[in-house]
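Accompanying notes for the structure given below.
The values are calculated or read from the model by the stated rules, or taken from the named source; none is laboratory data. Keep in mind that what you see is a predicted model, and the values were worked out from it rather than measured. Glycine gets a Cβ as well: all are built from the backbone with ideal geometry, and neighbour counts include every protein chain shown.
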Amino acid sequence: MVSRVIPVQPFDLVIFGGTGDLARRKILPALFRRFCAGQMDAQARVIGAARAEMDDAGYRAFARDAIIEFDVDAASDAAHLEPFLEQLSYVALDAAGETGWDALQDRLAGSERIRAFYFSVGPSLFGDLAMRLHTYGLSNPDCRIVVEKPFGRDLDSARALNKVLAEHFTEAQIYRIDHYLGKETVQNLMAIRFANTLFEPLWNSQYVDHIQITVAESGGVGTRGGYYDKSGAMRDMMQNHIMQLLCLTAMEPPAKYDPDSVRDEKLKVIRALEPVEPRDVVRGQYEATDRLAGYRNEVGSRDTTTESFVALKARIGNWRWAGTPFYLRTGKRLRARASEIAVVFKDAPHSIFGSDAGRHRNILTIRLQPNEGIEMGVTIKEPGPGGMRLVDVPLDMTFSEALGPQAADIPDAYERLIMDVIRGDQTLFMRGDEVEAAWAWTDPIIEAWEAPGSEPVLYATGSSGPDDALALIHRDGRRWREIKP
Ligand code: NAP
């Protein structure tokens with residue numbers, strides 16, 4: 001199999017916050033990889049913008065360091081590095097003031113290229129940027145803005161942000177990033193469901209006992225403690241990334257694979273989510289160990305109640321899923337860094353092998369990390385003499401094995417998403433109404449936690465989370481899947 005790279009049209013991409021952590025770790029290396037793959041046109045220009053004074057040579061040096069540090073293939077692609085850097089330049093500018101905007105005007109003047117503006121700055125500056133792009137005549141009807149997370153911290157702030165952006169841009173111009181949607185396996189979820197006849201007839205509460213979605217991290221908050229403590233696992237992971245995984249798993253087949261058909265179906269899932277009962281949600285904080293600081297020490301607050309873990313039971317009130325719970329969990333300092341969606345099918349209605357054969361279930365696992373791939377657990381006869389003993393074995397398709405060298409070329413989520421922005425494809429970006437609906441579902445949970453005396457429960461580093469989270473699923477006669485590296 002040969003991967004086909006279709007070059008995108010020439011573009012001007014302005015990265016506001018072009019000297020920040022995200023630009024350094026993700027955006028610049030992603031652009032470089034697309035350049036190496038031949039997807040970025042030689043006419044394309046990338047313009048970093050931030051307040052720090054720097055000339056073009058300084059920005060190229062910054063980008064060179066970032067690419068060498070964060071791109072695993074930078075060494076083998078060394079020949080591409082200087083030509084790529086030639087396409088980079090820098091403008092010193094204040095998003096919240098008038099300094100530097102004339103220079104950006106000059107830089108973009110007369111260009112016929114596709115124009116995209118990446119808002120890689122703190123969310124408090126999104127409105128300023130939208131307004132100034134308009135005031136300085138930099139936006140045009142075909143330009144796009146890319147908006148980073150977090151998109152609000154509750155329904156009211158998300159609505160306010162949508163309103164401010166809508167004053168200057170149409171919905172078709174706004175690309176709200178959730179980088180999970182750019183992951184190969186996440187898109188594969190749609191391929192598995194809608195390009196095979198095998199699964200869809202079984203994809204409902206008649207055959208599916210329950211679904212588990214786990215996004216587990218083994219690291220703690222580290223140096224991001226200050227940022228993280230203002231958000232927590234619910235806002236940082238559940239409301240966006242896990243919600244998106246839930247939507248793609250649960251949605252009805254869209255009529256077409258196009259942005260609004262897909263996003264309409266996702267929105268219906270979020271709107272069908274039932275309110276979460278207080279007993280169906282657990283929030284936790286990791287404790288200190290002999291060697292490692294606990295959550296409160298790491299964020300430097302002895303009485304913070306922000307959660308580093310959340311587990312909950314979600315129920316979707318529609319014909320397809322009534323009676324099939326979705327157990328969702330995410331947290332830091334857990335046993336391993338592992339993310340998966342597991343579709344646990346019901347027991348066969350009757351066992352012809354008798355009760356001695358034990359309990360066997362088909363489980364379809366979609367692994368996001370590590371070892372992106374798909375595994376189907378099937379029950380077979382244990383080989384050898386001794387009667388009919390049953391055993392569960394995996395039909396495993398690890399992408400790197402099944403697809404060979406092509407799997408090594410799988411683009412990082414940011415690579416794909418930035419190219420989609422240039423192509424004008426919004427399928428893998430969140431629409432404003434989707435984001436608002438997601439906040440409308442999570443807000444009551446977070447508000448309940450803000451009540452006086454409400455405290456997270458503690459859990460041990462390297463565990464599967466708090467005991468209460470185990471009880472949450474045990475109560476229903478089920479158990480969490482093991483978090484395995
Ligand atoms: P950061 O490291 O703090 O960088 C912020 C960038 O914005 C810097 O380039 C900064 O440069 C620039 N900036 C700040 N104030 C400005 C102003 N008034 N005018 C123009 N530029 C200004 O932040 P980050 O981690 O890159 O995050 C950027 C955005 O991405 C945030 O919305 C964040 O939530 C989101 N995000 C980040 C990550 C990540 O892994 N880092 C992941 C997901 C989402 P100057 O100070 O020189 O102006």
Point to revise | Leading residue by the ranking (modelled with the highest pLDDT) among those in the range 43-61 that are away from the ligand (no atom under 16 Å from the Cβ) and not hydrophobic (A, V, I, L, M, F, W, C) | key: Arg45
Study note, to complete from the structure: In the set Gly331, Gly384, Gly354, the lone residue that is surrounded by fewer than 19 Cβ atoms within 10 Å (Cβ to Cβ) and modelled with pLDDT of 85 or more is Gly384
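Here are some residues: Val310, Val391, Val378, Val344. Which one is aliphatic (A, V, I, L, M), farther than 27 Å from Leu189 by Cβ and in a strand (DSSP E or B)?
Exactly one residue qualifies, and that residue is Val391.
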Check your understanding: Arg176 is checked against (1) charged (D, E, K, R); (2) touching a strand residue (DSSP E or B) at 6+ places or on another chain (Cβ under 8 Å); (3) closer than 21 Å to Glu340 by Cβ and fails just one. What number does that condition carry?
Key -> (3)
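Residue by residue, here is whether (1) touching a Lys or Arg at 6+ places or on another chain (Cβ under 7 Å); (2) without any contact (Cβ under 8 Å) to a residue 40 or more places away in the chain; (3) among the basic types (Lys, Arg); (4) closer than 20 Å to Ala438 by Cβ holds:
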{"residue": "Gly284", "(1), (2), (3), (4)": "no, no, no, no"}
{"residue": "Leu292", "(1), (2), (3), (4)": "no, no, no, no"}
{"residue": "Arg296", "(1), (2), (3), (4)": "yes, yes, yes, no"}
{"residue": "Val299", "(1), (2), (3), (4)": "no, no, no, no"}
{"residue": "Thr306", "(1), (2), (3), (4)": "no, no, no, yes"}
{"residue": "Leu312", "(1), (2), (3), (4)": "no, no, no, yes"}
{"residue": "Arg320", "(1), (2), (3), (4)": "no, no, yes, yes"}
{"residue": "Gly323", "(1), (2), (3), (4)": "no, no, no, no"}
Review point. Inside the range 124-142, can you point out the residues that are crowded, with 16+ Cβ neighbours inside 10 Å and more than 16 Å from the ligand (Cβ to nearest atom)?
Key: Ser139
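Let's see how each residue does on (1) free of Cβ contacts under 8 Å to residues at least 24 places away in the same chain; (2) within 15 Å of the ligand (Cβ to nearest atom):
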| position | (1), (2) |
| --- | --- |
| Ile6 | no, no |
| Leu22 | no, yes |
| Asp41 | no, no |
| Ala78 | yes, no |
| Phe84 | no, no |
Review point. Could you say whether any residue in the range 400-407 is outside any loop (DSSP other than H, G, I, E, B), farther than 26 Å from Ile473 by Cα and modelled with pLDDT of 90 or more?
Key: no
Study note, to complete from the structure: Residue pairs within 8 Å by beta carbon, gap of at least six or interchain, first lying in the range 172-190 and farther than 23 Å from Leu13 by Cβ and at pLDDT 90 or above, second in a helix (DSSP H, G or I) and away from the ligand (no atom under 12 Å from the Cβ), listed first then second, are Leu189/Leu245; Leu189/Leu248; Leu189/Thr249; Met190/Leu248; Met190/Val262
**Study point:** Set Phe32, Phe70: member being in contact (Cβ under 8 Å) with a residue 40 or more places away in the chain and either surrounded by fewer than 18 Cβ atoms within 10 Å (Cβ to Cβ) or within 8 Å of the ligand (Cβ to nearest atom) (or both)
**Key:** Phe70
Check your understanding: Here are some conditions: (1) without any contact (Cβ under 8 Å) to a residue 60 or more places away in the chain; (2) within 27 Å of Gln239 (Cβ to Cβ); (3) more than 16 Å from the ligand (Cβ to nearest atom); (4) out of contact with any His (no Cβ under 6 Å at 6 or more places or on another chain). Ile145 meets all but one. Which one does it not meet?
Key -> (3)
Revision key, fill the gap. Within the range 86-108, restricting to residues that are under 22 Å from Val8 (Cβ atoms) and more than 16 Å from the ligand (Cβ to nearest atom), the one that is surrounded by the most Cβ atoms within 10 Å (Cβ to Cβ) is Leu108
